[in-house]
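Structure first, then comments.
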Amino acid sequence: MSYSSPRSFSTHEPPTGLSDVVLVSGLANADPLEQYVRQTFRLGRHYRFADHYAYTRTDLETILVDLTPKTALLTTEKDWVKLDVLLKPEERAALPLFYLPVAVQFLDGQETDFIQFLDANALKNR
């Protein structure tokens, strides 16, 4: 997994000067995400929820209390979709809310091996 620059909930643009964050995640194993965030930002708190968690407005309100003028909410792209629908339009526009786009990235030299494996085995399963 590789993370791109955070994007704003409202504009989908990258932030300028983002440093202090409150992390929100609903992942089976959030440790790699937390490690990345700690290496990249100043992590104040990590709200860990179960994988595929169905967020509620009450959850969101609890999280938003931790935001200060210097602190932003940071979440995964997957959890952004779930949290975004809970926001009021004025909250989305005014609050510092960001998500991390995620992409799958092959380890060095492994992409060619993977494609060869697919080519060799794709017809066997038809």
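No value in this document is a laboratory result; all are computed from the given coordinates. None of these values were measured; they are calculated from a predicted model. Cβ atoms come from the backbone with ideal geometry, glycine included; neighbour counts cover every protein chain shown.
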Of (1) 48, 19, 13; (2) 33, 17, 14; (3) 25, 18, 12, which is the value of semi-axes √(5λ) of the Cα gyration tensor in Å derived from the coordinates here? (2)
On a C-alpha basis, how far is the centre of the stretch 16-61 from the centre of the stretch 94-124 in Å? Whole number, if you could? 23 Å
In degrees, nearest 10, range 0 to 90: what is the angle between the Cα axis of helix 110-121 and the longest Cα principal axis of the chain? 50 degrees
Hey, rough spin-label estimate for Glu91 and Arg38, points 7 angstrom out along Cα→Cβ, what's it come to in nanometres? 2.9 nm
Helix-only estimate, please: 222 nm mean residue ellipticity of the chain, summing -39500 (n - 2.57) across DSSP H runs of length 4 or more and dividing by its residues, to the nearest 500. -10000 deg cm²/dmol
Selection from His46, Leu27, Ile115 lying farthest towards where the dipole of the stretch 2-125 points positive, charges on Cβ: His46
16 Å cut-off, amide nitrogen to a point 7 angstrom out along Asp66 Cα→Cβ, residues in the stretch 1-33: 19-27, 30-33
Assuming 0.36 nm per residue, please report the length gained on full extension of the stretch Asn121 to Thr11 beyond their Cα-Cα distance. 35.4 nm
